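First comes the structure, then the notes that go with it.
Every number here is computed from the coordinates shown, using simple stated rules; none is lab data. Only a predicted model underlies this, so the values are computations on that prediction, with no experimental measurement involved. Here the Cβ positions follow ideal geometry from the backbone for every residue, glycine too, while neighbour counts run over all protein chains shown.
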């Protein structure tokens, strides 16, 4: 008995992946239709196509902007908010449920800031997952966030700029040194990598900065001149808060 050619097996896996993603999308659509969306912040009624109600969304806009600690290899790092309150619920829904409405609200908070840099060579680069992890989840939460941010900043998204070679377990509970050791040489230039681009790395949460540093190292070793980073939330509870909120869209200067 002969086995199916590798090309046929790959085609079957891709078809199965598309079918699973379709079922997930239909299930989410059906749930939204049958039950009103609950605000991730207060439990009230959320706005249309969003995860938060108007009050919680506006509270997020009024919150002071944060200044994350420097990250090795990153020229400028931005974060939309601290990882607390409603933001924590949004991050959970984005990361583990692939919630596009959570990405919508998080991108709105980030877009209070001007992008680190603009121009035709600037690209938003979602921190990649391994191919196996992507198939398992059916989405990359960083890419969902980047696509929402692209609509607000007018910067194109390049998901294939970097590739992730291996998945070495969840980094959520690891400390800084453990993360750095686990992520060493994990990321490499992808099929759409360009040394003439200025990548702005996009991720959901900034904790120790090890993931962004590993991505930046792959970019810099590949020949890019500089790398920026942006995360939806910063997991730092003390310090780093600007004394006064800046106006919407004003550069950090």
Requested in this report: Between the alpha-carbon centers of the stretch 41-87 and the stretch 94-166, tell me the distance in whole angstrom.
Outcome: 16
Query raised in the report: How much length, in nm to one decimal, is gained on full extension between residue 55 and residue 72, taken as 0.36 nm per residue of separation minus their Cα-Cα distance?
Result: 2.5 nm
Query raised in the report: Counting only DSSP beta bridges with both residues in the stretch 64-234, what percent are antiparallel, rounded to the nearest 5?
Result: 15
Report task. Under 18 Å from a label point 7 Å along Cα→Cβ of residue 196: give me every residue in the stretch 92-127 with its amide N that close. Result -> 118-124
Query raised in the report: For a paramagnetic label modelled at 7 Å from the Cα of residue 226 toward its Cβ, which residues of the stretch 108-139 fall within the zone defined by backbone nitrogen distances under 20 Å?
Result: 113-126
Query raised in the report: Counting other C-beta atoms within 10 Å, which of 221, 89, 228 has the fewest, and how do the rest follow?
Result: 221, 89, 228
Query - Residues 14, 137, sorted so that the one with the fewest Cβ neighbours within 10 Å comes first - result: 14, 137
Query - Rg [Å, one decimal], Dmax [Å, integer] - the stretch 64-234, C-alpha atoms - result: 14.4, 40
Requested in this report: Counting other beta carbons within 10 Å of each Cβ, put 225, 203 in order, fewest first.
Outcome: 225, 203
**Report entry** Per-bin percent of Cα-Cα distances, the stretch 91-163 [10 Å]
**Finding:** 21, 49, 27, 3
